[in-house]
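Notes to accompany the following structure.
The values are calculated or read from the model by the stated rules, or taken from the named source; none is laboratory data. Only a predicted model underlies this, so the values are computations on that prediction, with no experimental measurement involved. FYI the Cβ positions are ideal-geometry reconstructions off the backbone, even for glycines, and counts take in every protein chain you see. SASA here: full protein model, heavy atoms, side chains in, ligands and nucleic acids out. Shrake-Rupley method; radii C 1.70, N 1.55, O 1.52, S 1.80 Å.
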Amino acid sequence: MSHERFLEIVRFCFVGGLSLLVDCAVLFGLTEFFGVHYLYSAGISFTVSVIFNYWLCVTYVFKGAKKQTPKQAAIFIGSSVVGLGLNQVCMWFFVEIIFLHYMAAKLGATAIVTLWNYFAKRKAING
């Protein structure tokens, strides 16, 4: 692995951590303070964090991202929609079938979606 690729992965993980904090804060706030059902809160929080994550990936994580084509942007957005679907299925499964608290479920869902996100978004941004 090249030094630049290693640094890219480190930046990706840092941005992912920040995005996770945004995701969890919005999920918790909507569910606990506004009484929104956890699946709706999870969808909203995921969407907010994807927008935040996209901005940081384009400006900080991936070299050359500012030269994106509309096709690459569409792939990035499409991969995020798939990530949202994975997130929702995982949230439902972990809460309704495994009986985890929704915040613990969020961590499990995040671990699964993170693998999808790295490979899909790297491909989308770098072509």
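Summary table
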read-out: Verdict on Q88 being in contact (Cβ under 8 Å) with a residue 40 or more places away in the chain and closer than 17 Å to W116 by Cα; value: yes
read-out: Answer from Y54, Y38 - the residue that is of a type in the set (F, W, Y), at negative phi and open to solvent by less than 50 Å² (accessible area, probe 1.4 Å); value: Y38
read-out: Selection from region 73-127 of residues that are open to solvent by less than 20 Å² (accessible area, probe 1.4 Å) and among the basic types (K, R); value: K106, K121
read-out: Any hit, region 46-66, residues being small (G, A, S) and farther than 21 Å from L18 by Cα; value: yes
read-out: Residue in region 11-21 that is closer than 20 Å to N126 by Cβ, touching an Asp or Glu at 6+ places or on another chain (Cβ under 8 Å) and basic (K, R) present; value: no
read-out: Qualifying residue in region 34-53 (condition: part of a loop (DSSP other than H, G, I, E, B) and within 22 Å of K123 (Cβ to Cβ)); value: no
read-out: Members of region 1-40 found to be under 14 Å from K106 (Cβ atoms), modelled with pLDDT under 95 and aliphatic (A, V, I, L, M), listed by number; value: L20
read-out: Residue satisfying condition, being of a type in the set (G, A, S) and within 11 Å of the chain's Cα centre (by Cα), within set A109, A104; value: A109
read-out: Output for region 1-35, where each listed residue is open to solvent by 80 Å² or more (accessible area, probe 1.4 Å) and under 20 Å from L86 (Cα atoms); value: C13, L21, F28
read-out: Residue under evaluation L39, criteria (1) of a type in the set (A, V, I, L, M); (2) closer than 19 Å to S79 by Cβ; (3) in contact (Cβ under 8 Å) with a residue 40 or more places away in the chain, criterion not met; value: (2)
